[in-house]
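Visitor: Structure provided below as structure tokens; questions to follow.
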Amino acid sequence: MFGVLLLLLCCSTVNAQLSIPLHIEQQPALDDAHNLDAEMMFPADNGFWFLSTQHSPQSFNRACPQFVPQVQRYENCQGFRSSHLHELTSTLKPGVPVCVMVHGSFVDVPSACRESAYTWNWLRSAGMGHQMQMIYFNWPSYKRIFPTVQLEVNQLGRRAARNGYYLAELIQHIPAECPICLIGHSHGTRVIAGGLHLMAGGTLQGIGHPWARADGRQIRTVFVASALDHDWLNPGHKYDRALCSTECLLNMRNELDPALAIYPLRLPFIAQQAMGYKGLSSSDRYRLGRNSHKVIDYDVTRAIGRSHLWPYYFTNPGLSMAMHNYVYFPDRGQAVSMANATTTTEQR
């Protein structure tokens, strides 16, 4: 029984059968994408990008790994086709928010492809006239289920953190004019926490990124059913620099989540309660100091109930609306205008 519940800890679908078809066409990528008008090629609401780190090294061996992304483009009503990183980055519209979604563990590539389309439509439903560009970040989170599932979960947790290195590098390829929203589910929040930590000069498993930095980028973050110890953002803990790279963090917590309820049992006497279970403690907020104001705990217990799985979230339109300000940056135009006005006044 314990193994079954532990398996749910970071599963996004457990290969749930969703109705959206998986359609991948091996079409040639557009080598001359940089010579074409990005808005004419790919309207921000006409499709999304699917980026995978399946071929990137997953064992760092105390050396900086090489980012080898596989990229596909999903076009509405057409499906997936092969692409590459240059096409992705050269066709992003400057100024339009980019949303990077990171899934949890035990998700194979076909399941990730199906869920990515559902997630895209779910986020679009809360647009209210605003645009965003989505990149679905797929990492090698799938493993066959054995009686040693407890060890598998711990190994995938460490692998998720390592993929934060690739997330940090991906962000450097996104135009600086684009505000960024990072959404993670379960172990996907470790990918994000790791990437944010690295971009503030931190290290993961003995490795720091030599050049990936936040450098004043406007980044907002959403944690969903987060499989992080609740104190890992605190000074002196695993991801203590993560909050330095994001202007705010929405933490969706569920006190009825059956997987997060037993989260501490993965490492008895060592692990703390999960951040996605009851959020930050009063002690955490005291230790975080000013950074504690960046984190909002949002209770989704009544909306989700006794589940940990991602489909329970992306089928709830109210939750996508709760993320609206984090995904679409509706206040950004006003903030930019105020900043320009301040700059003009100073020049006078």
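The values are calculated or read from the model by the stated rules, or taken from the named source; none is laboratory data. Everything numeric in this text was worked out from a predicted model, so none of it was measured. So basically every Cβ, Gly included, is an ideal-geometry build from the backbone, and we count neighbours across all protein chains shown.
Visitor: When the residues of segment 53-67 are filtered to those that are of a type in the set (S, T, N, Q) and over 13 Å from residue 160 (Cα atoms), which remaining residue is nearest to the chain's Cα centre (by Cα)? Even if it seems obvious, please write down each step before you answer.
Guide: Restricting attention to segment 53-67, the residues satisfying the condition of being of a type in the set (S, T, N, Q) are 53-54, 56, 58-59, 61, 66.
Keeping just the survivors that are over 13 Å from residue 160 (Cα atoms) gives 61, 66.
Details: 61: 25, 66: 20 Å.
My answer is 66.
Visitor: Still on this structure, I have one more. For residues in segment 175-227 being in contact with a Phe, Trp or Tyr (Cβ under 7 Å, 6 or more places away or on another chain) and among the β-branched types (Val, Ile, Thr), which is farthest from residue 241 (Cα to Cα)?
Guide: 224
Visitor: Let me ask another. Could you check segment 222-232 and list, in sequence order, the residues that are buried (at least 22 other Cβ atoms within 10 Å of the Cβ), without any contact (Cβ under 8 Å) to a residue 60 or more places away in the chain and in a loop (DSSP other than H, G, I, E, B)?
Guide: Matches in segment 222-232: 226, 228, 230.
Visitor: With the checklist (1) of a type outside the set (S, T, N, Q); (2) outside any strand (DSSP E or B); (3) surrounded by fewer than 24 Cβ atoms within 10 Å (Cβ to Cβ) in hand, flag the one item residue 250 doesn't pass.
Guide: It fails just one condition, (2).
Visitor: If you don't mind, another one. In segment 253-268, how many residues are assigned to a loop (DSSP other than H, G, I, E, B) and surrounded by 18 or more Cβ atoms within 10 Å (Cβ to Cβ)?
Guide: 2
Visitor: Out of 76, 154, 163, I need the residue that is at pLDDT below 95, of a type in the set (S, T, N, Q) and closer than 21 Å to residue 229 by Cα. Which one? Break it down stepwise before answering.
Guide: Working: 76 fails: closer than 21 Å to residue 229 by Cα; 163 fails: at pLDDT below 95.
The unique qualifying residue is 154.
Visitor: Since residue 307 meets every condition but one in (1) surrounded by 22 or more Cβ atoms within 10 Å (Cβ to Cβ); (2) of a type in the set (Ser, Thr, Tyr); (3) outside any helix (DSSP H, G or I), which condition does it not meet?
Guide: (1)
Visitor: Continuing with the same structure: Of everything in segment 76-100, what is part of a loop (DSSP other than H, G, I, E, B) and closer than 20 Å to residue 138 by Cβ? Give them in sequence order.
Guide: 76, 78, 84, 92
Visitor: Read through the list (1) within 14 Å of the chain's Cα centre (by Cα); (2) of a type outside the set (Lys, Arg); (3) assigned to a helix (DSSP H, G or I); (4) within 22 Å of residue 332 (Cβ to Cβ), then give the number of the only condition that residue 189 fails.
Guide: Status for residue 189: all satisfied but (4).
Visitor: Check off (1) more than 18 Å from the chain's Cα centre (by Cα); (2) surrounded by fewer than 22 Cβ atoms within 10 Å (Cβ to Cβ); (3) polar (S, T, N, Q) for residue 121 and give me the number that stays unchecked.
Guide: Condition not satisfied by residue 121: (1).
Visitor: Considering only residues that are modelled with pLDDT under 95 and either in a helix (DSSP H, G or I) or β-branched (Val, Ile, Thr) (or both), which ones fall in segment 311-337?
Guide: So the first thing to find is which residues in segment 311-337 are modelled with pLDDT under 95, and the list is 331-337.
Once the filter is applied, which keeps residues that are modelled with pLDDT under 95 and either in a helix (DSSP H, G or I) or β-branched (Val, Ile, Thr) (or both), segment 311-337 yields 332, 333, 334, 335, 336, 337.
Visitor: Hey, another quick one. Identify all residues within segment 65-86 that are in contact with a helix residue (DSSP H, G or I) (Cβ under 8 Å, 6 or more places away or on another chain) and within 22 Å of residue 211 (Cα to Cα); write none if there are none.
Guide: Matches in segment 65-86: 65, 67, 69, 85, 86.
For every residue, the table says whether it meets (1) of a type in the set (Gly, Ala, Ser); (2) surrounded by 22 or more Cβ atoms within 10 Å (Cβ to Cβ); (3) touching a Leu at 6+ places or on another chain (Cβ under 6 Å); (4) in a loop (DSSP other than H, G, I, E, B).
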residue: 201; (1), (2), (3), (4): yes, no, no, yes
residue: 217; (1), (2), (3), (4): no, no, no, yes
residue: 220; (1), (2), (3), (4): no, yes, no, no
residue: 235; (1), (2), (3), (4): no, no, no, yes
residue: 238; (1), (2), (3), (4): no, no, no, yes
residue: 244; (1), (2), (3), (4): no, no, no, no
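Visitor: Can you pull out every residue in segment 101-118 that is surrounded by 24 or more Cβ atoms within 10 Å (Cβ to Cβ) and not in a helix (DSSP H, G or I)?
Guide: 101, 102, 103, 104, 105, 106, 107
Visitor: Quick check on my filter: what residues within segment 80-92 are of a type outside the set (A, V, I, L, M, F, W, C) and buried (at least 20 other Cβ atoms within 10 Å of the Cβ)? Can you show your working first?
Guide: Keep residues of segment 80-92 that are of a type outside the set (A, V, I, L, M, F, W, C), which gives 81-84, 86-87, 89-91.
Once the filter is applied, which keeps residues that are of a type outside the set (A, V, I, L, M, F, W, C) and buried (at least 20 other Cβ atoms within 10 Å of the Cβ), segment 80-92 yields 83, 87, 91.
Visitor: Considering only segment 269-277, I want to know if a residue exists there that is closer than 18 Å to residue 185 by Cα and in a strand (DSSP E or B). Walk me through how you get there before you give the answer.
Guide: Pass one, segment 269-277, residues closer than 18 Å to residue 185 by Cα: 273-277.
With in a strand (DSSP E or B) added as a condition, the list becomes 274.
Yes; the residues of segment 269-277 include at least one that is closer than 18 Å to residue 185 by Cα and in a strand (DSSP E or B).
Visitor: Considering segment 281-304 alone, what residues qualify as being of a type in the set (Asp, Glu) and either part of a helix (DSSP H, G or I) or surrounded by 15 or more Cβ atoms within 10 Å (Cβ to Cβ) (or both)?
Guide: Correct list: 284, 297.
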